[in-house]
Amino acid sequence: MSLQDESDREPTREEIDRTKGPVVLEFGASWCPFCQALAPKLAELLRDYPGVRHIQVQDGPGQPLGRSFRVKLWPNLVFLRDGAVIKQLARPDVEEVRQGLEAIVGAG
């Protein structure tokens with residue numbers, strides 16, 4: 001599920017911190033070649049984890065949510081469970097993403 005499906009605004013850090021269950025928060029930009037390369041691989045991996053909520057955030061300079069997670073490189077994936085950061089990865093490879101998903105599904 002992407003953020004755009006729910007609202008046309010970026011969630012606040014407080015909303016993310018209150019989110020229940022496993023969540024992958026994906027920061028990126030539509031024009032970013034690294035983001036474009038990861039997108040199909042991430043989508044494929046997420047099919048194996050139907051209980052994980054996927055929130056995409058179009059990030060950019062000065063965006064408060066991205067800055068609150070100290071995002072500097074895209075794509076940047078934040079793996080959360082019940083609002084707690086379990087792992088955060090910048091420009092991850094497929095195996096790192098799989099490990100992040102396992103960490104939030106297996107936690108708790």
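Bear in mind that the values in this text are calculations on the coordinates, not laboratory data. Note that the structure is predicted; figures quoted are calculated from it, not measured. As a convention, Cβ positions derive from the backbone with ideal geometry for all residues, glycine included, and neighbour counts pool all protein chains shown.
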## Note on the structure
Within segment 83-94, residues being within 17 Å of Gln36 (Cα to Cα) and free of Cβ contacts under 8 Å to residues at least 24 places away in the same chain number 3
### Of the criteria (1) outside any strand (DSSP E or B); (2) under 16 Å from Glu10 (Cβ atoms); (3) touching a residue at least 24 places away in the same chain (Cβ under 8 Å); (4) not small (Gly, Ala, Ser), which one Glu26 fails
(1)
### Query
Are any of the residues in segment 64-82 in contact (Cβ under 8 Å) with a residue 40 or more places away in the chain and of a type in the set (Asp, Glu)?
yes
